[in-house]
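The values are calculated or read from the model by the stated rules, or taken from the named source; none is laboratory data. This one's a predicted model, so the numbers in the text were calculated from it and none came from an experiment. FYI the Cβ positions are ideal-geometry reconstructions off the backbone, even for glycines, and counts take in every protein chain you see.
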Amino acid sequence: MYWRDMGAVKKFNEGSPLITTFRKLAELTNKPITALAKKKKVATMANILAWRKAAQEAKDESTASTDHRKGANPYQSCWGDDWEERLEGSSGMSKYVSVTTMVEHIFEEMKEHMQAIHGEDCDDW
């Protein structure tokens, strides 16, 4: 079941305590589904049956979200080992440059500059 379908399930469920979890959706029988389809007029019988089938086939895993802010590195907790590349590529960070990147750039530019002045054997840079 896709998250875009969950909006329809929530709208379908408004005012009714019948469906509150995926498990309850999976356990619905045809009789309440038929009654809900007629009563609610939000979803067709086919949609409700498709939702029930998706809920029945869903893995029984916890869907509780992780609070990444509590991790030692919240970005690594959220995105894994490639967190630096993903952070740099995000639209919110496009106008910023990390200090590490800036210092590495300065070092490389100064190295080229010093080698041009003092020759290739200049090891100070």
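Restricting to the stretch 39-51, give me the number of residues that are part of a helix (DSSP H, G or I) and basic (Lys, Arg).
Looking only at that region, the number is 2.
Could you tell me which residue of the stretch 83-125 is modelled with the lowest pLDDT, considering only residues that are within 30 Å of His68 (Cβ to Cβ) and in a loop (DSSP other than H, G, I, E, B)?
Checking each candidate, the answer is Ser94.
For Thr66, state whether it is part of a loop (DSSP other than H, G, I, E, B), of a type outside the set (Asp, Glu) and free of Cβ contacts under 8 Å to residues at least 60 places away in the same chain.
yes
Across the stretch 2-38, what is the number of residues that are modelled with pLDDT under 70, part of a helix (DSSP H, G or I) and loosely packed, with under 14 Cβ neighbours inside 10 Å?
The number of residues fulfilling the criteria is 6.
Conditions tested, residue by residue: (1) in contact (Cβ under 8 Å) with a residue 60 or more places away in the chain; (2) surrounded by 11 or more Cβ atoms within 10 Å (Cβ to Cβ); (3) hydrophobic (A, V, I, L, M, F, W, C).
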position: Pro74; (1), (2), (3): no, yes, no
position: Arg86; (1), (2), (3): no, yes, no
position: Val99; (1), (2), (3): no, no, yes
position: Lys111; (1), (2), (3): no, yes, no
position: Asp121; (1), (2), (3): no, no, no
